[in-house]
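Presented below is the structure to which this report refers.
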Amino acid sequence: SRAGSRHESKETEGLSRFYSIMSLKRSRAFPQQLDISVELDRLGAFINIEQNREYSAVYIKAYNEYFADAVRLLGEMVAHPIFDTKDIEDEKKYFASEIQNRFADQNGSALDELFKLIFPGQGLAFSGIGDKNAITSIGEAALQQYHETFHTGLNSALVVNLGMGSVQPDDFSS
């Protein structure tokens, strides 16, 4: 979706990345984290995110024979995420250490400093990793609002990459 750090403020720095991770934990059809893991295992699939200053992407890789199920799973997770308070608090702890590690990465820090010089006071100046103070203030309401603003309608696209095996037109009708 068109939702990266470009769309953040100092108060929400890191929200797009945090949202992307939280949206993969639970959904309406998969209310427990284990449910999603079991379904991914059944499909022989994995799911991941890519997030930067311009966009956020969620992708799933699965065998072609499970194409329709994989698209349904991805669609469910993207369209109907559930944001659980305990998950949010657990993820904040992980994010704090990830932010700290970013400062230890000289290449990442140098690039971050360059973007701060080129785009002062703008979302593009943010690394996308996040700000510890901003992340600690994120709750269920902020994630839900972010979802409704950036992850619906014209802000999102489904891209299908068919590389292994054969997918037939009927595979899209399920």
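Some observations on this one:
- Residues located in the range 110-125, provided they are open to solvent by 20 Å² or more (accessible area, probe 1.4 Å) and either in a loop (DSSP other than H, G, I, E, B) or of a type in the set (D, E, K, R) (or both): E113, K116, F119, P120, G121, Q122
- Residue selected from the range 21-55 under the condition outside any loop (DSSP other than H, G, I, E, B) and either in contact (Cβ under 8 Å) with a residue 60 or more places away in the chain or charged (D, E, K, R) (or both), by the criterion farthest from E98 (Cα to Cα): R42
- Set D131, D90, D112: member being within 30 Å of A29 (Cα to Cα) and among the acidic types (D, E): D90
- Considering only residues in the range 1-49 that are basic (K, R) and loosely packed, with under 13 Cβ neighbours inside 10 Å, the one that is nearest to K93 (Cα to Cα) turns out to be K10.
- Some residue of the range 79-100 being on the phi > 0 side of the Ramachandran plot and open to solvent by less than 30 Å² (accessible area, probe 1.4 Å): no
- Candidate set: the range 126-139, residues that are modelled with pLDDT of 85 or more and farther than 16 Å from S20 by Cβ; chosen: the one most open to solvent (accessible area, probe 1.4 Å): N133
The values are calculated or read from the model by the stated rules, or taken from the named source; none is laboratory data. Please read these numbers as outputs of a predicted model, since none were measured by experiment. No Cβ is skipped: glycine too gets one built from the backbone with ideal geometry, and neighbour counts run over all protein chains shown. Just so you know, the surface numbers come from the protein's heavy atoms only, side chains and all, with ligands and any DNA or RNA stripped out. Shrake-Rupley method; radii C 1.70, N 1.55, O 1.52, S 1.80 Å.
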